[in-house]
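*Asks:* Take this structure first; my questions come after.
The values are calculated or read from the model by the stated rules, or taken from the named source; none is laboratory data. Nothing here was measured: the structure is a model prediction, and the numbers come from that model. Cβ sites come from the backbone with ideal geometry, for glycine too, and all protein chains shown count toward neighbours.
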Amino acid sequence: MLNLSTPAIWYPGQTDEDIQEEIDLMMVRAKYTAAFINGEIHADTFLDFLDEAGNDVFDLAQEWLGDDITS
């Protein structure tokens, strides 16, 4: 079982198909995150996954590490 917080997005009026898609995406994010943390995939693979999912990895790094990612 995965013990990582990777939320699904829910909004009012969402169809069953839409919420299932969000849950599926949540599970993929959790699996990639767990694989990275467990050393099963390289950082480049994890960063590529995040980028392909539409995330700006530099913005994510700032969120994770704070305003100054060089210190």
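*Asks:* Within the set of pairs 6 or more residues apart or between chains, which connect a residue that is over 14 Å from residue 33 (Cβ atoms) inside the range 43-66 to a residue that is assigned to a helix (DSSP H, G or I) with Cβ atoms less than 7 Å apart?
*Replies:* Close Cβ pairs satisfying both conditions: 51/57.
*Asks:* Just to be sure I understand, how many residues within the range 28-71 are among the hydrophobic types (A, V, I, L, M, F, W, C), in a helix (DSSP H, G or I) and at pLDDT 90 or above?
*Replies:* Restricting attention to the range 28-71, the residues satisfying the condition of being among the hydrophobic types (A, V, I, L, M, F, W, C) are 28, 30, 34-37, 41, 43, 46-47, 49-50, 53, 57-58, 60-61, 64-65, 69.
The next check asks that each one be in a helix (DSSP H, G or I); those that pass are 28, 30, 34-37, 43, 46-47, 49-50, 57-58, 60-61, 64-65.
In the following step, the residues that additionally are at pLDDT 90 or above were identified as 28, 34-37, 43, 46-47, 49-50.
Looking only at that region, the number is 10.
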